[in-house]
Amino acid sequence: MPDRTGRFLDPCSFPAKLPTVNKGNVTMLHGKSALITGSLGGIGFATARALAELGADITLNGFAAPDVIEARLSDLHALGVRARHHSADLRDPAHIADLVQSTTAEHGGPDIVVNNAVVRYFGAVENFAPEQWDEALAVNLSAPFHTIRLALPGMKQKGWGRIVNMASIYGMFATVNRIDYVTTKTALIGLTRAVALETARTGVTCNAICPGTVLTPAIDWRLRQEMQRDGTTFEEAEENFLAVRQPSRRFVKDANVAGLIAFLCGPCGEDINGAALPIDGAWAAGR
């Protein structure tokens, strides 16, 4: 069951179906360092694994039990890269500064930043708790700003960098009772575009990924609640859930999102800059 506080929805209990990267490219990112927030499970860890398979050293971030963190690090070490974990609280700019500075000290600085951490709550605007709104702004929007702000000088100095912001299909259009999520993910696309223009001649790119529905612990919990309420099977609950969302009628795989991020970080991604890229089973196409 997911953490119902919504904090740092980093699905550690859902090991990612990890992507298989072309082994001929195992040194593509050798000598590069990647910092991925919210990366102890789900899309975040799938991304860490995909970048490590290309040779990048990895800084993980997020909250989990010590044995979970150790297992994630061991998985990455087995790929022959350096990997570390930093438990920065992304609501605190001082923690973010230490996260970036320590990555610089230990791994030569983040050449790749993936802003993946997120909090999310549910409720109508008039009932939305102000403290939840403030937390969502801090983690979903201000934390990416601070991480980019602090990592960018090192990227510019090297003449190379990749910034990927995890937006959402709900950054491209809205839905009800998700005011914090829709607002921050929409703003994150704006942040992406602004950074891309400022870095267009520096060797640094900044893009946003807009996934559709991925089977996270939160969604799994919602489906199981529907099963209990309506007496459906999990497959029926899944079908009902996806019927009004993704025309593909299947969940987006976290491994495929990770693969797209890995592509953006490779040489073929150098001319993709300022994009908001949907990976959503044609959901946005029908809007």
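Of the residues examined, residue 183 is not one that is touching a Gly at 6+ places or on another chain (Cβ under 9 Å), assigned by TED's automatic domain parsing to the domain that holds residue 126 and either crowded, with 24+ Cβ neighbours inside 10 Å or not in a strand (DSSP E or B) (or both). Counting only helices (runs of 4 or more DSSP H) that fall entirely inside region 88-180 and contain at least 1 residues that are of a type outside the set (A, V, I, L, M), closer than 26 Å to residue 198 by Cα and out of contact with any helix residue (DSSP H, G or I) (no Cβ under 7 Å at 6 or more places or on another chain), the qualifying elements are 93-107, 143-158. Note on region 235-273: residues that are part of a loop (DSSP other than H, G, I, E, B) and not aromatic (Phe, Trp, Tyr) total 13.
Only one entry in 213, 192, 202 is among the hydroxyl-bearing types (Ser, Thr, Tyr) and touching a helix residue (DSSP H, G or I) at 6+ places or on another chain (Cβ under 6 Å), namely 202. Would you confirm whether any residue within region 238-253 is touching a residue at least 40 places away in the same chain (Cβ under 8 Å) and surrounded by fewer than 19 Cβ atoms within 10 Å (Cβ to Cβ)? Yes, region 238-253 has at least one match. Close Cβ contacts (under 6 Å, 6 or more residues apart or on different chains) running from residues in region 131-159 that are touching a residue at least 24 places away in the same chain (Cβ under 8 Å) to residues that are surrounded by 17 or more Cβ atoms within 10 Å (Cβ to Cβ) and acidic (Asp, Glu) comprise 133/180; 136/180.
Name the residue, out of 119, 100, that is touching a residue at least 40 places away in the same chain (Cβ under 8 Å), farther than 17 Å from residue 210 by Cβ and in contact with a Pro (Cβ under 7 Å, 6 or more places away or on another chain).
Working: 119 fails: in contact with a Pro (Cβ under 7 Å, 6 or more places away or on another chain).
One residue alone meets the criteria, 100.
Could you count how many residues in region 57-87 are closer than 22 Å to residue 101 by Cα, part of a loop (DSSP other than H, G, I, E, B) and without any contact (Cβ under 8 Å) to a residue 40 or more places away in the chain? Number satisfying all stated conditions: 3. Could you tell me whether residue 40 is closer than 20 Å to residue 254 by Cα, within 20 Å of the chain's Cα centre (by Cα), of a type in the set (A, V, I, L, M, F, W, C) and assigned to a loop (DSSP other than H, G, I, E, B)? Yes; evaluated as a whole, the condition is true for this residue.
The values are calculated or read from the model by the stated rules, or taken from the named source; none is laboratory data. Note that this is a predicted model, so its numbers are computed, not measured. Cβ sites come from the backbone with ideal geometry, for glycine too, and all protein chains shown count toward neighbours.
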